[in-house]
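Here's the structure we're looking at; comments come further down.
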Amino acid sequence: MRTELVSEPGDVQRLNEDFASVALPASGRGGALVALDGVTPPTGPTGCLHSVPWFTARLGGALTELAVSLRDVPPAEVLSRAIVRTAETHGEGCDLSHPRTPQATVVMARWSPEWVEYLVLSDSALLVEKSDGTVSAVLDDRLSRLPRASLATDALIDAHLRNKEGGFFTAAADPSVAGRAVTGVLPRSSVRGLLALTDGAARWVEKFHEGGWRDCFTFVREEGAQALVDRVRELERADAETRTHLGRSKTHDDATVVYVEL
């Protein structure tokens with residue numbers, strides 16, 4: 001088995017709001033990967049005393065531990081329990097019902113000798129390489145399907161679209177959101193590799209159109225996870241003035257790549 005993990009902040013002056021882990025239990029009978037992309041809140045109150053990195057570290061840590069310790073619990077229930085555990089650590093000074101309370105996108109994959117299970121919530125991506133060499137992207141595309149006019153302001157997203165019917169969902173403090181995730185199970189024998197990308201790394205495909213998802217998987221397998229992040233940074237710098245590809249998006253975003261070769 002080969003694993004690679006790279007996670008870089010978009011701005012070295014700010015803390016990385018992503019979280020990533022690979023867990024390989026001592027039993028040697030399986031493992032799990034987790035990748036979270038913390039949601040940067042717009043300027044203004046969040047109702048919480050804690051930062052996004054604080055939240056992603058705790059949710060990611062809980063999710064990693066539960067993914068390997070609760071082998072018989074489905075991924076959505078594992079996420080639900082991790083959200084509950086994290087919410088309990090906030091304390092009385094935090095209003096967890098506030099729409100800007102710390103939250104994150106989620107990718108989780110777990111494998112055993114028999115199965116590969118996966119979960120994706122919001123706009124991070126999980127690429128699955130099959131034993132025949134094909135690559136499929138597991139995506140929760142609700143955010144991308146919203147009319148662009150609906151995404152005009154962060155305030156509008158918070159008020160009308162985030163974690164609401166007709167909008168999109170992220171992991172915050174409500175454990176029921178786990179039921180909104182894209183989940184599935186595949187035979188272990190049919191899966192050769194897994195690649196988790198936060199949207200900062202997925203820009204290689206989604207913003208800069210360097211290739212498709214299969215090309216992205218091949219790039220990481222052959223060149224390495226760090227090479228993908230380095231290439232995204234080059235493309236971001238080249239586009240910084242013209243905004244041809246990035247549009248209104250920030251120039252640099254936190255970028256995380258988790259690769260597992262089964």
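Annotation: of all residues in segment 80-109 being closer than 16 Å to Pro45 by Cα and charged (D, E, K, R), the one that is surrounded by the fewest Cβ atoms within 10 Å (Cβ to Cβ) is Asp95. Residues in segment 176-190 that are polar (S, T, N, Q), over 20 Å from the mean Cα position of the chain (by Cα) and not in a helix (DSSP H, G or I): 0 in all.
Here Val78 passes the criteria (1) under 26 Å from Pro9 (Cα atoms); (2) assigned to a helix (DSSP H, G or I) except the one numbered (1). Kindly establish whether Glu234 is free of Cβ contacts under 8 Å to residues at least 24 places away in the same chain and not polar (S, T, N, Q). Spelling it out, Glu234 is indeed free of Cβ contacts under 8 Å to residues at least 24 places away in the same chain and not polar (S, T, N, Q). With respect to Glu222, determine if the residue is within 21 Å of Val12 (Cα to Cα), assigned to a helix (DSSP H, G or I) and more than 18 Å from the chain's Cα centre (by Cα). Against the criterion (within 21 Å of Val12 (Cα to Cα), assigned to a helix (DSSP H, G or I) and more than 18 Å from the chain's Cα centre (by Cα)), Glu222 does not qualify.
Evaluate segment 67-74: report whether one residue or more is of a type in the set (Asp, Glu) and not in a loop (DSSP other than H, G, I, E, B).
no
In the set Arg231, Arg248, Arg243, Arg237, only one residue is surrounded by 15 or more Cβ atoms within 10 Å (Cβ to Cβ) and out of contact with any His (no Cβ under 7 Å at 6 or more places or on another chain); that residue is Arg231.
Restrict the check to segment 87-105 and report whether at least one residue is assigned to a helix (DSSP H, G or I), under 19 Å from Arg162 (Cα atoms) and modelled with pLDDT of 95 or more. Walk me through it before giving the result.
First pass over segment 87-105, keeping only residues assigned to a helix (DSSP H, G or I): 87-88.
Filter once more, keeping what is under 19 Å from Arg162 (Cα atoms): 87.
Keeping just the survivors that are modelled with pLDDT of 95 or more gives 87.
Scanning segment 87-105, I find at least one residue that is assigned to a helix (DSSP H, G or I), under 19 Å from Arg162 (Cα atoms) and modelled with pLDDT of 95 or more, so the answer is yes.
Yes or no, residue by residue, for (1) assigned to a helix (DSSP H, G or I); (2) among the basic types (Lys, Arg):
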site: Arg192; (1), (2): no, yes
site: Gly200; (1), (2): yes, no
site: Val205; (1), (2): yes, no
site: Phe217; (1), (2): yes, no
site: Arg231; (1), (2): yes, yes
site: Glu236; (1), (2): yes, no
site: His245; (1), (2): no, no
site: Ser249; (1), (2): no, no
site: Asp253; (1), (2): no, no
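Among Leu70, Leu36, Leu63, Leu5, which is the only one that is hydrophobic (A, V, I, L, M, F, W, C) and without any contact (Cβ under 8 Å) to a residue 40 or more places away in the chain? Let's see the steps before the verdict.
Numbers: Leu36 fails: without any contact (Cβ under 8 Å) to a residue 40 or more places away in the chain; Leu63 fails: without any contact (Cβ under 8 Å) to a residue 40 or more places away in the chain; Leu5 fails: without any contact (Cβ under 8 Å) to a residue 40 or more places away in the chain.
Answer to the selection: Leu70.
The values are calculated or read from the model by the stated rules, or taken from the named source; none is laboratory data. Values in this document were obtained by computation on a predicted structure and should not be read as measured data. Backbone-built Cβ (ideal geometry, glycine too); neighbour counts: all protein chains shown.
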